[in-house]
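Any read-out appearing in this document is the output of simple, stated calculations on the displayed coordinates, not a laboratory observation. All figures in this text were calculated on a predicted structure; none of them were measured in a lab. FYI the Cβ positions are ideal-geometry reconstructions off the backbone, even for glycines, and counts take in every protein chain you see.
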């Protein structure tokens, strides 16, 4: 029962299928993010295949995604993002201990990539929408994800970001749009911004669904007041390596 409850909470916080938190910011789950390059002699397809073969017990991450840049900054050419979802820090600690004590495909995976100490951890908060269904609820192996990085302006908080994005989503979500929408507030391993760095991400129900959402956005809008700066949007193909919900 405890495991089922934990997975249900993770599902609600990641993909926004509950209306309980409609107006208040959810506690959120954890995102552990690695920026990795693929070592010579290996392909992304091989890395993904081995990643999917890694044994993950009951303490393992709830979700694992491998993301390839499609349109991103030039320094991301030839790299991937590996994103692991955890319920909280206790869950992450148990999962990392289990990985260290298991001789499996995980050890081979690390010969295929170089993550260069790039691990960062953030709090993932989904903007609530009962319509959201990223990856068609887990029935698709991959979809498209857009990401835009911003800095929270001085005098504003993560709650301001949540409220602003919630309002934007309610005003701009088109009929039939089932994209997941939310943001990750980076809190560990960053550049010393003290939690001000966030990544706004939109997860397509499927690739066509995200494309329709991007077509509907006003891309000339000014940066909202709760942000001091925002970078360009990037586009990624995101693959499910593990769906443990």
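What the table below lists for this structure:
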read-out: Fully extended contour minus Cα-Cα distance, from residue 24 to residue 215, at 0.36 nm per residue; value: 65.9 nm
read-out: Relative contact order %, the chain, counting alpha carbon pairs below 8 Å whose residues are six or more apart; value: 29 percent
read-out: Potential extension, residue 115-residue 37 segment - 0.36 nm per residue separation minus Cα distance; value: 27.4 nm
read-out: Förster radius 25 Å - calculated FRET efficiency between residue 245 and residue 96 (Cβ-Cβ, nearest 0.05); value: 0.80
read-out: Correct choice for Kirkwood radius over Cα pairs in Å that was computed from the model, options (1) 24.4; (2) 19.1; (3) 18.5; value: (3)
read-out: Difference of contour (0.36 nm per residue) and Cα-Cα distance, residue 131 to residue 76; value: 16.6 nm
read-out: Packing-based ranking, highest mean first, of 131-144, 36-49 given that Cβ atoms within 10 Å are counted; value: 131-144, 36-49
